[in-house]
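The structure appears below as structure tokens.
The values are calculated or read from the model by the stated rules, or taken from the named source; none is laboratory data. It should be emphasised that the depicted structure is a prediction, and the values quoted were computed from it without experimental measurement. Neighbour counts run over all protein chains shown; Cβ positions are idealised from the backbone, glycine included.
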Amino acid sequence: MAFDLNGVTYETDEDGYLVNLDQWNKDVAQYLATQEGLDMTDAHWEVVDFLREYYDEYKIAPMIRILTKAIGQKLGKEKGNTKYLYDLYPGGPAKQACKIAGLPKPTGCV
Amino acid sequence: MAAKIETETLTGDINIPSIQPGATAHYKSNPAKEDHNKFLGFPGARVENWREAAVEHMGELLGKYKSLRVFMDICVRCGSCADKCHYYIGTRDPNNMPVARQELMRKVYRKYFTPAGKLLPDSLTGASELTEAVMTEWYSYFHQCSQCRRCSVYCPYGIDTAEVSMAAREIMDHVGIGQKYCNEILGKVLKVGNNLGIEPHALKNTLEFVEEDVKEVTGADVRYPMDEKGADVLLVAPSADFFSTPHIEGFTGYGKVFHEAGVSWTVSSYASEFANFGMFIGNYDTMKKVAQRIRDAALDLGVKRIVVGECGHAWRVGYSFWNTLIGPFDFLDPKYPAPQHICEFTLDLIRRDGLKLDKSANDEFTVTFHDSCNVARGSRMGDMPGGQFEVPREIIKAVCNKYVEMDQNTIREFTYCCGGGGGLLTDELMDLRVKGVLPRANALKEVMDRHGVNTMAMICAICKAQFTKVLPNYGIPMETVASLHQLVSNAVVLGGKIGV
Ligand code: SF4
Ligand code: SF4
């Protein structure tokens, strides 16, 4: 599978995750978010930025609790919980947010 | 975004529906990629002579596993199993009746392995060649079986459809028809050490996070160590425990229990996975390789005991198969079972009055327990018959004031699958997963309405992931799903009785 954006072709896997992670940029994220029916707000970008930073260092998406805590520290304690993340990304912070952040799909019992 | 999956309204009753032939014939797991298959020693893609190769391999399996041949021969079509499968109840597709699922293999068996099937016309024997169409059915419906074994409990002959599914998947892998979800994950666990692909430095970071978090919340220095040589206990958890919620809350609980027991423990970055999908694909060699990492890690770290976390199918592998796969465990302390389930460890401590517990910490929860298939029907626990049912319940009752059972036809050996077991916990099968949870969701709904249950505890990583994902489709909040050791974690008073 693949999609074209601004004259560039982006290959994706069956679930729509970018195959080549280096191809990611904000336009791609915006495009993928639109596909998911999401309106990207600053709060959405905070999550994406954190996921990318974490992935850069650890080569894996963070545990959900690490993500919620980080978001709580950035955006205020009342937002540091799973419910807030699911409000932002109804498809799940691990899967949907990872897709938009250009991370590979988490595999396993998740 | 994916279209919303149509769900039935929960009534609290489990009704057996009328059939809808072909309702789920289009469900198809993503096929494995060439490198997924090859890494496990299977052909990268479907081989040219797949028919002959599949029939030949079926013959080998029939010779190797006598039970499989018996299962092929002895079904009398009494129909007792027909309405016992959650996937049939949820999807109405008659091919999801266990007897019909077996028939997909049995008709091929008749054709190639019985005298009547070889000689007489198929219309008389119900035999069938392994055609393209039959293989398409195999791939679809043998990936609509979570290998939960509920049907086998009701079969007068004990025919085990799970074993038939495992054999079918093994035959398909053998000719290059693999399923991506299982085979990709098996590659990861064999390369990185866990299904998620968490590398050692990331695992370390996660464990440090848990340590700091517990310190912040409780003020206590509870350790969550990794790769510590000379620890008494190697703890092997499903890797979802290092990633998901509510899994991590259970893992946090294991650490508190060890802390209170005064037992030194460690996880291994080399063997940071208890799950073993080798069982789901029915491949002995792969199952052995995955398990072997745990033996190697235990020897390398010099531990005296192996304790395992909350993972249903892996407990079956550990309890029933480890000794053959990676035994003997003569290098471990013979005073303890190998492996020992974390529930056995915790209950033993509770019984010896070694844990100070504050049950009121769980007073906001009215709890029920979901028995996971492979624990309920594929293993035992503790030292008494039925221990796999009693041990977890005894722990819950020790840490919670309010406990309620679901309908007796849906618990213990009659438990309904979560709908995501057996290698089906993948997004492209979401429709099946949402439908497959229906009987469990109804049984849960009944105790929610009648007794105010708001928490369903369990000891399986797949169950937890599946329920948190699919129950909201029925209006049941994901927070209902809890790890058993999360309840323990809430109730443990740290520093209460160290060293007992
Ligand atoms: S093992 Fe479970 S999923 Fe498979 S046919 Fe039997 S009841 Fe259905
Ligand atoms: S219950 Fe057993 S014998 Fe009866 S139809 Fe099912 S598999 Fe065959």
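Structure above, values below:
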{"quantity": "Residue satisfying condition, being acidic (D, E) and within 14 Å of chain A (Cβ to nearest Cβ), within set B:D221, B:D241, B:D232", "calculated": "B:D241"}
{"quantity": "Boolean, B:K445 is part of a helix (DSSP H, G or I), over 15 Å from the mean Cα position of the chain (by Cα), within 18 Å of B:Y27 (Cα to Cα) and in contact (Cβ under 8 Å) with a residue 40 or more places away in the chain", "calculated": "no"}
{"quantity": "Sole exception among (1) closer than 30 Å to B:E6 by Cα; (2) more than 14 Å from ligand 2 (Cβ to nearest atom); (3) of a type in the set (A, V, I, L, M, F, W, C) for B:L130, by number", "calculated": "(1)"}
{"quantity": "Filter pass, B:A25 being surrounded by 14 or more Cβ atoms within 10 Å (Cβ to Cβ), in contact with a helix residue (DSSP H, G or I) (Cβ under 7 Å, 6 or more places away or on another chain) and closer than 30 Å to B:D83 by Cβ", "calculated": "yes"}
{"quantity": "Leading residue by the ranking (farthest from the other protein chains (Cβ to nearest Cβ)) among those in the range B:134-175 that are within 9 Å of ligand 1 (Cβ to nearest atom) and at positive phi", "calculated": "B:R149"}
{"quantity": "Residue in the range B:86-98 that is at pLDDT 95 or above, more than 16 Å from ligand 2 (Cβ to nearest atom) and out of contact with any helix residue (DSSP H, G or I) (no Cβ under 8 Å at 6 or more places or on another chain) present", "calculated": "yes"}
{"quantity": "Contacts under 8 angstrom Cβ, first residue in the range B:44-73 being within 16 Å of ligand 2 (Cβ to nearest atom), partner of a type in the set (D, E), 6 or more apart", "calculated": "B:S67/B:D160; B:S67/B:E163; B:L68/B:E163; B:F71/B:D160; B:F71/B:E163"}
{"quantity": "Selection from the range B:189-218 of residues that are within 12 Å of another protein chain (Cβ to nearest Cβ) and among the aliphatic types (A, V, I, L, M)", "calculated": "B:V189, B:V192, B:L196, B:I198, B:A202, B:L203, B:L207, B:V210, B:V214, B:V217"}
{"quantity": "Any chance B:E137 is at pLDDT 95 or above and in contact with a Leu (Cβ under 6 Å, 6 or more places away or on another chain)", "calculated": "yes"}
{"quantity": "Residues (more than 15 Å from ligand 2 (Cβ to nearest atom), hydrophobic (A, V, I, L, M, F, W, C) and over 17 Å from B:M105 (Cβ atoms)) located in the range B:146-187", "calculated": "B:C182, B:I185, B:L186"}
{"quantity": "Options B:A45, B:A54, B:A82, B:A25; residue that is at pLDDT 95 or above and part of a helix (DSSP H, G or I)", "calculated": "B:A54"}
{"quantity": "Which numbered condition B:E310 misses (of (1) away from ligand 1 (no atom under 16 Å from the Cβ); (2) in a helix (DSSP H, G or I); (3) within 14 Å of chain A (Cβ to nearest Cβ))", "calculated": "(2)"}
{"quantity": "Complete set of residues in the range B:74-87 that are in contact (Cβ under 8 Å) with a residue 24 or more places away in the chain and within 11 Å of ligand 1 (Cβ to nearest atom)", "calculated": "B:C81, B:D83, B:K84, B:C85, B:H86, B:Y87"}
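Here's the yes/no breakdown for (1) touching a residue at least 40 places away in the same chain (Cβ under 8 Å); (2) surrounded by fewer than 20 Cβ atoms within 10 Å (Cβ to Cβ); (3) among the small types (G, A, S):
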{"site": "B:P98", "(1), (2), (3)": "yes, no, no"}
{"site": "B:M105", "(1), (2), (3)": "yes, no, no"}
{"site": "B:L120", "(1), (2), (3)": "no, yes, no"}
{"site": "B:L124", "(1), (2), (3)": "no, yes, no"}
{"site": "B:A127", "(1), (2), (3)": "no, no, yes"}
{"site": "B:L130", "(1), (2), (3)": "yes, no, no"}
{"site": "B:W138", "(1), (2), (3)": "no, no, no"}
